[in-house]
1. Hey, rough spin-label estimate for ASP143 and HIS89, points 7 angstrom out along Cα→Cβ, what's it come to in nanometres?
2. Within the stretch 118-143, which residues have the backbone N less than 12 Å from the label spot 7 Å out from SER52 along Cα→beta-carbon, could you tell me?
3. As a test of reading the structure, rank TRP80, TRP155 by solvent-accessible area (1.4 Å probe, protein chains only), most first.
4. Cβ neighbours within 10 Å, averaged per peptide: list 101-107, 134-140, 52-58 in order, most packed at the top.
5. First compute the accessible area of the stretch 51-163 with a 1.4 Å probe, then give the percent of it belonging to carbon and sulfur atoms.
6. Can you put ASP74, ASP144 in order of accessible area, largest first, using a 1.4 Å probe?
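The values are calculated or read from the model by the stated rules, or taken from the named source; none is laboratory data. What you see is a predicted model; the values in this text were computed from it and never measured. Cβ placement follows ideal geometry from the backbone for every residue including glycine, while neighbour counts extend to all protein chains displayed. SASA here: full protein model, heavy atoms, side chains in, ligands and nucleic acids out. Shrake-Rupley method; radii C 1.70, N 1.55, O 1.52, S 1.80 Å.
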Amino acid sequence: MGTTPAPNDSTSGIPRRGDPGPGGPFEGTGASAPGNPHQDADAPAPVGPASSSPVPGRPVRGSAGGRPVMAALDLLGRRWTLRVIWELHRNGAPIGFRDLQRRCDDMSSSVLSTRLAELREAGIAASTSTAAQPAWHLTALGDDLVTAMGPLLDWSRAWAARR
């Protein structure tokens, strides 16, 4: 027995309140971002080396077309990703791999390596070589992400206060 969607459900053909519909801010169009010289507007998303890192324009969890918001949620929803971003932000200065691993409750080095590679591919984190060891930091895009998550942090504090 199937379920009938609520009348305001977008599957009924009637957009939900705030649902921009196709081509809106949450829907990827497949076109490149304005000013992106690396991708032609009519060209398919670049294939590049095989990677499991979510990137807008490539299929991700929840979006076969790789909608940007779904790619972001896929990346941020991966185990330890938000913690790594938080520790890079909290430190404020480049941090070495081992120190970052300790700050992340001694997560496994393979998981940390994977998350850092994904964040680097997404343009959220970068490494710089200092002496014999790379040091990791957030990029300007990573700082923008932390700023964008501010309202969620505020909401979570209000939610915790009500419980």
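1. Each label point lies 7 Å from its Cα, and together they span 1.4 nm.
2. Only 118 pass the distance filter.
3. On the way: TRP80 80, TRP155 135 Å².
These residues rank, largest area first, as TRP155, TRP80.
4. Numbers: 101-107: 14.6, 134-140: 17.0, 52-58: 19.0.
Averaged packing, sorted descending, gives the order 52-58, 134-140, 101-107.
5. Numbers: 3780 of 6610 Å².
Percent of accessible area from carbon and sulfur atoms in the stretch 51-163: 57.
6. Details: ASP74 10, ASP144 100 Å².
Reading off the accessible areas and sorting them downward yields ASP144, ASP74.
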